[in-house]
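Peer 1: Pasting in a structure now, in structure tokens, and then I'll have a few things to ask.
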Amino acid sequence: MGSSGTGRLTDYSGFFGGQKPSPSKGMQGPSGPIDRCALAFSTELEDVLTSEYYTKLKTIPAKGEHITIAIKYRIVVIANNGLVVGNLPTRYNYLYECINDGFVYQGVVEESEAGILPLVIVAVTPSKS
Amino acid sequence: MICLIGDILTDVNLSAQPEPKMRLGGIIHAARALWAMDIDYTVAYFAPSYMEEHISNCLKQYNCKEGIRLGEVVNNPYVMLFKEAKEIGDQGYEFLYRDTINIKYYEDHLSRLSSFDEIFIISGSYNINTIFKHLNSTQRIYLDCANDIESSEHLCNSFPLEILFISTSSSIFRNEYSTFSEFCEIFRTRTKNLIIKENRGGSIWYEYSTLSKTEIPCYLSEISHSVGVGDVFDVVSIALHGESLENSLYRASWIAKIYAETTFVDDFKRNVKRSLKGDVMSLKSLDGCILPWEIRQKCHIYLAAPDFNHVDSFSFDHLEECLSYHNFVLHRPIKENGQLPLRADKAKSRELFNKDMELLGRCNMVIAMLPFNDPGTLIEIGIACERRIPTILFDSDKQAYNCMLTELPDKICTDWDELICEIFSTYSKMYKNGVI
């Protein structure tokens with residue numbers, strides 16, 4: 001009893017003298033523990049079959065190939081040859097904010113499986129100039 | 001300077017993880033957005049007296065120029081509980097002591113409202129027409145009709161608003177919407193612009209002077225809540241002076257997305273700043289979700305699941321409630337066509353099979369739920385995928401491992417928010433391509 005996050009207001013800087021609550025209270029305080037822009041991630045791409053890499057070349061990039069992330073009609077993955085390989089899932093839409101703030105995202109094709117239903121998984125690492 | 005008018009309540013999100021989260025709500029959601037964008041503002045509010053110190057401290061921290069208390073709420077703690085904060089379906093708002101609210105209006109404070117150039121009002125438990133009496137036609141007035149206004153007849157503004165915002169979850173929308181054009185007609189003399197906020201399906205802006213209708217996308221992402229997100233959308237769309245309303249609405253849609261992603265306000269502000277560094281054209285080029293309310297009645301979804309009367313139907317019922325809330329049409333074949341009795345004869349089996357296949361053929365999406373390995377469900381997934389009907393497997397227990405089951409469906413979703421977003425996203429593509 002009395003141990004949940006409803007004991008007091010904590011969602012602005014300056015509450016109770018600006019002291020952050022104990023780290024164990026994960027939802028309290030004005031800021032979260034991480035800046036998501038600085039996180040590396042790995043994900044399967046969407047719309048590979050309809051993206052320009054596959055539609056033009058009828059194949060997908062090989063495992064280990066270098067890729068970059070860019071803002072186009074979606075947050076997209078671009079191969080070495082400049083063609084769009086596929087789209088990042090919408091949960092990565094926040095990269096729009098990160099890229100606007102100077103973050104750069106590069107990586108490699110982690111998994112590549114051609115066939116009737118091609119699969120591309122990329123591993124992406126952020127950097128900031 | 002803009003003056004924000006509304007209630008200030010205490011919001012309690014009971015479903016927040018890893019623990020419930022309490023923060024100030026009501027008009028404070030809009031205040032957070034202006035604070036995040038470094039825009040000057042004043043807040044005029046109704047609240048109980050016991051909250052005064054909390055409110056004063058909060059407004060100070062959010063750089064509010066002045067807090068004007070328009071009235072005192074008595075006999076009510078002004079606490080709102082949320083059972084479900086992501087608006088997967090009906091959020092189950094619980095407004096404590098809601099039938100015993102009494103408000104003492106401060107006339108001398110209300111009279112100050114006429115001095116502001118711009119007024120943004122979110123309706124609440126107070127009498128909206130009391131506010132209107134203190135405003136005049138030289139002011140630019142914006143209003144969001146939240147749940148406390150049941151009917152358009154309760155709006156008695158004597159001069160037209162700049163923008164009237166109405167959400168598809170509001171009472172006025174649920175009570176009076178029949179078609180888009182008829183709904184617009186109701187407010188023709190009361191506002192210059194109407195913006196209907198349609199949750200994950202985006203929003204529609206209707207301008208009465210030009211009769212133009214503009215669809216603004218919703219940007220989907222992994223959200224942590226949806227409380228106050230519509231308020232943030234409103235205030236951003238009116239506060240970005242120097243931008244066209246259309247451009248502001250795109251910005252508003254994006255910043256509303258950011259607000260839904262976190263309840264950590266410093267993170268919200270940082271991410272808003274980052275988003276504003278991007279030019280609006282690049283934002284407009286991003287493919288968001290557009291799925292108008294009316295179109296969703298063309299979205300016929302087939303439930304592939306062991307929806308038998310001896311199986312726990314909680315998840316199936318919940319899906320039906322959520323989809324109905326968002327105006328989609330879910331078909332439960334076993335409920336619609338009947339359940340095959342034990343040792344049924346061949347003719348009865350063929351009859352139900354034919355009916356289910358005919359129903360599947362009329363649907364443009366399949367959602368499969370597989371609490372256990374049910375052969376009927378597995379076969380229906382196979383048939384749907386072969387027919388290129390978009391198929392989503394909902395696998396909240398992460399039980400799917402067979403490669404036919406994991407690779408055939410267009411998408412596997414493991415939580416409800418992801419499932420609802422995927423339904424919106426898939427139908428949005430179909431809508432844009434003219435398929436529905």
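Rule-based calculations on the coordinates, nothing more; no lab input. Fair warning: this is a prediction, and the values are worked out from it, not measured in the lab. With ideal geometry, Cβ positions are generated from the backbone for all residues, glycine too; neighbour counts draw on all protein chains shown.
Peer 1: If you take the residues of the range B:173-192 that are closer than 20 Å to B:S158 by Cβ and touching a Ser or Thr at 6+ places or on another chain (Cβ under 9 Å), which of them is surrounded by the fewest Cβ atoms within 10 Å (Cβ to Cβ)?
Peer 2: B:K192
Peer 1: Restrict the check to the range B:31-53 and report whether at least one residue is more than 26 Å from the chain's Cα centre (by Cα), under 17 Å from B:I103 (Cβ atoms) and in a loop (DSSP other than H, G, I, E, B).
Peer 2: yes
Peer 1: Can you tell me which residues in the range B:155-194 are within 17 Å of the chain's Cα centre (by Cα) and free of Cβ contacts under 8 Å to residues at least 12 places away in the same chain?
Peer 2: B:R174
Peer 1: Tally time: how many residues in the range B:199-215 are free of Cβ contacts under 8 Å to residues at least 40 places away in the same chain and not small (G, A, S)?
Peer 2: 7
Peer 1: Could you please let me know if B:I68 is away from every other protein chain (no Cβ under 14 Å), in contact with a helix residue (DSSP H, G or I) (Cβ under 7 Å, 6 or more places away or on another chain) and closer than 30 Å to B:H326 by Cβ?
Peer 2: no
Peer 1: For the range B:203-215, give me each residue that is of a type outside the set (D, E), surrounded by fewer than 24 Cβ atoms within 10 Å (Cβ to Cβ) and either in a strand (DSSP E or B) or out of contact with any Lys or Arg (no Cβ under 9 Å at 6 or more places or on another chain) (or both).
Peer 2: Scanning the range B:203-215 gives B:I204, B:W205, B:Y206, B:T210, B:L211, B:S212, B:K213, B:T214.
Peer 1: So which of B:I367, B:I436, B:I389 is within 20 Å of B:F308 (Cα to Cα), touching a residue at least 24 places away in the same chain (Cβ under 8 Å) and either assigned to a helix (DSSP H, G or I) or of a type outside the set (G, A, S) (or both)?
Peer 2: B:I367
The rows are residues; the columns are (1) more than 14 Å from chain A (Cβ to nearest Cβ); (2) basic (K, R); (3) under 13 Å from A:Y94 (Cα atoms); (4) surrounded by fewer than 23 Cβ atoms within 10 Å (Cβ to Cβ).
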position: B:I223; (1), (2), (3), (4): no, no, yes, yes
position: B:S226; (1), (2), (3), (4): yes, no, no, yes
position: B:D231; (1), (2), (3), (4): yes, no, no, no
position: B:E246; (1), (2), (3), (4): yes, no, no, yes
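Peer 1: From B:N63, B:N57, B:N76, which residue is part of a loop (DSSP other than H, G, I, E, B), closer than 20 Å to A:T10 by Cα and over 24 Å from the mean Cα position of the chain (by Cα)?
Peer 2: None of the other options fit; the residue is B:N63.
Peer 1: Which residue out of B:V311, B:V329 is β-branched (V, I, T) and within 21 Å of the chain's Cα centre (by Cα)?
Peer 2: Of the residues listed, the single one that is β-branched (V, I, T) and within 21 Å of the chain's Cα centre (by Cα) is B:V329.
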